[in-house]
Amino acid sequence: MPELEMSLDGVPLPARPGQSVGAALAAAGVASWRTTRDGRPRGLFCGIGICFDCLITADGVPNQRACLTPVHEGMVLETGEGERDGN
Ligand code: FES
């Protein structure tokens, strides 16, 4: 299956059509992409849209669940800090 390219904080990363953002990031070796307000890393946890640990800014839209958001060519992803209280 042909690859497409997305970026995380300006760093180009490969992805495959049909992948979620979370799956593509994990496949690229990225384990976390946001931190809580007290600096703890967060990435995929449940993988099914329940826990909200995987929030990411995708194409300028904050707080998107990476495990449910499909990738597309040229997608711009940004890491974040403290988007969710208490986690
Ligand atoms: S990993 Fe739990 S909502 Fe995405």
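Things to note:
- For the stretch 9-65, a tally of residues being within 11 Å of the ligand (Cβ to nearest atom) and surrounded by fewer than 12 Cβ atoms within 10 Å (Cβ to Cβ) returns 2.
- Beta carbons closer than 6 Å, at least 6 apart along the sequence or on distinct chains, pair a first residue in the stretch 43-69 that is under 12 Å from residue 33 (Cα atoms) with a second that is near the ligand (Cβ under 7 Å from one of its atoms) and part of a strand (DSSP E or B) for 54/65.
- Failed item in (1) open to solvent by less than 80 Å² (accessible area, probe 1.4 Å); (2) within 16 Å of the ligand (Cβ to nearest atom), with residue 68 passing the rest: (1)
The values are calculated or read from the model by the stated rules, or taken from the named source; none is laboratory data. Remember, it's a predicted structure, so these values are computed and weren't measured experimentally. When we count neighbours, we look across all protein chains shown, and the Cβ atoms used for this are built from the backbone with ideal geometry, even at glycine. Note: accessible area is taken over every heavy atom of the protein model, side chains too, but ligands, DNA and RNA are not part of it. Shrake-Rupley method; radii C 1.70, N 1.55, O 1.52, S 1.80 Å.
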